[in-house]
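Here's the structure, in structure tokens; my notes come after.
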Amino acid sequence: MNENFIQINGISKHFGNVKAVDDVSFSIKEGEFFSLLGPSGCGKTTLLRLLAGFEYPTNGNLLIDGSDITALPPDKRPTNMVFQNYAIFPHINVEQNIKFGLRKLGLTDDEIKKRVDDVLALVKLEGYEERFSGQLSGGQRQRVALARALVRQPKVLLLDEPLGALDKKLRDEMQLELRTLQKEIGITFVFVTHDQQEAISMSDRVAVMSEGKIQQLSAPNELYKNPENIFVSDFIGETNFLKASTRSKDGDHINVAIEDLGDFKVKNNLNIPENSSDVVCSVRPESMMISRDKSDWDICLEAKINQTSYLGEMTRFYVEVSGINKVITVSSQHFDNQSFENNTCFISISLEDISLLQKK
Ligand SMILES: Nc1ncnc2c1ncn2[C@@H]1O[C@H](COP(=O)(O)OP(=O)(O)O)[C@@H](O)[C@H]1O
Ligand SMILES: [Mg+2]
């Protein structure tokens, strides 16, 4: 397997004084389901369009499978794109939509028929050949758009928020299907989304973007467990930030003073320097324990429950800790809002669950 199948080398794209993509370098592996994840406006679509050839970079170069494609037009690249708003032609049927433009590739009628049949089976649209756009559901239209891109047998499929217009249940189903389909055909997918849950549930690896730059590129569980900076920790899942400053190092740990709480020794995976006040401690809501009684955990704080939201599989508590002027979010699968007298509780934290982070 080619580890550097797609190479993005020092790529920037400026629109006037907007740096939509700002000196980005990384590689995508062959056969990988790779996602670009980040908030609206961070440069995801621009980066995808640069790969597709709909934009040309201000700086840098792009290689796919060893060939420099930087200056090639879209139809000379081994890529195909599925767009955000799944535009399929309304005046021709499903089969004609999928066939569209295939003849230009110099294929015979038999070859075209075989390709169309294969791709219809792949996206589970057999029997829908004669239908028009208006006779299809949102999910089916999205499948047609997918089929139309796949029928050209690209080496790389580029997908720009393809599930964004679907309602939640259908989106969850399509996420699974898309993932299965990608494994089945084995081509490289570059998938753009602003939805962190979508990216981490589907991808082999995820690049988290903000303001045109890559903040972290990791496997999904790494993004969640070991975020490399405050932006990623905040964007992936939910977390509580506690102001802190570092003191002296102690092997792979470091002493920190957490504001209003005192001095603790925490792991220092990111090798953050001593005597820095540019740091925070991040603690996930689900890594804390909420209880009626005091615990013997590393940190145990008396608190008052301000607000409770019952979420079915878990309950989220917003608590105010005595002595800290901050609302902390704790989630638990074991309590509903009836369980605490006078809203008094204890929240417990294990030092192992504290991530020390720095601004990048
Ligand atoms: N053609 C363009 N002309 C001017 N600015 C653009 C153009 N395309 C994108 N931008 C700007 O570049 C930034 C990144 O946009 P985009 O790549 O669409 O972000 P995303 O897809 O992550 O929402 C935004 O500030 C956007 O306004
Ligand atoms: Mg976009």
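The values are calculated or read from the model by the stated rules, or taken from the named source; none is laboratory data. Predicted model, so just to flag it, every value in this text is computed and none were measured. Positions of Cβ are generated from backbone atoms using ideal geometry, with glycine treated the same way; all protein chains shown enter the neighbour counts.
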Test: residue in the range 28-46 that is without any contact (Cβ under 8 Å) to a residue 60 or more places away in the chain and either closer than 15 Å to Q7 by Cβ or away from ligand 2 (no atom under 16 Å from the Cβ) (or both): no
Condition check for R148: buried (at least 21 other Cβ atoms within 10 Å of the Cβ), assigned by TED's automatic domain parsing to the domain that holds L107 and assigned to a helix (DSSP H, G or I): yes
Looking only at the range 151-173, and only at residues there that are part of a helix (DSSP H, G or I) and farther than 30 Å from K29 by Cβ, the one that is farthest from ligand 2 (Cβ to nearest atom): K169
Candidate set: the range 200-236, residues that are surrounded by 18 or more Cβ atoms within 10 Å (Cβ to Cβ) and among the small types (G, A, S); chosen: the one farthest from P273 (Cα to Cα): S203
Single residue of the range 174-205 satisfying the filter (β-branched (V, I, T) and within 16 Å of ligand 2 (Cβ to nearest atom)) that is farthest from L37 (Cα to Cα): V190
Candidates D23, D68, filtered to the one that is more than 16 Å from ligand 2 (Cβ to nearest atom) and either among the aromatic types (F, W, Y) or closer than 22 Å to E211 by Cβ (or both): D23
Per-region count, the range 156-170, residues crowded, with 16+ Cβ neighbours inside 10 Å and either modelled with pLDDT of 90 or more or under 22 Å from L47 (Cα atoms) (or both): 9
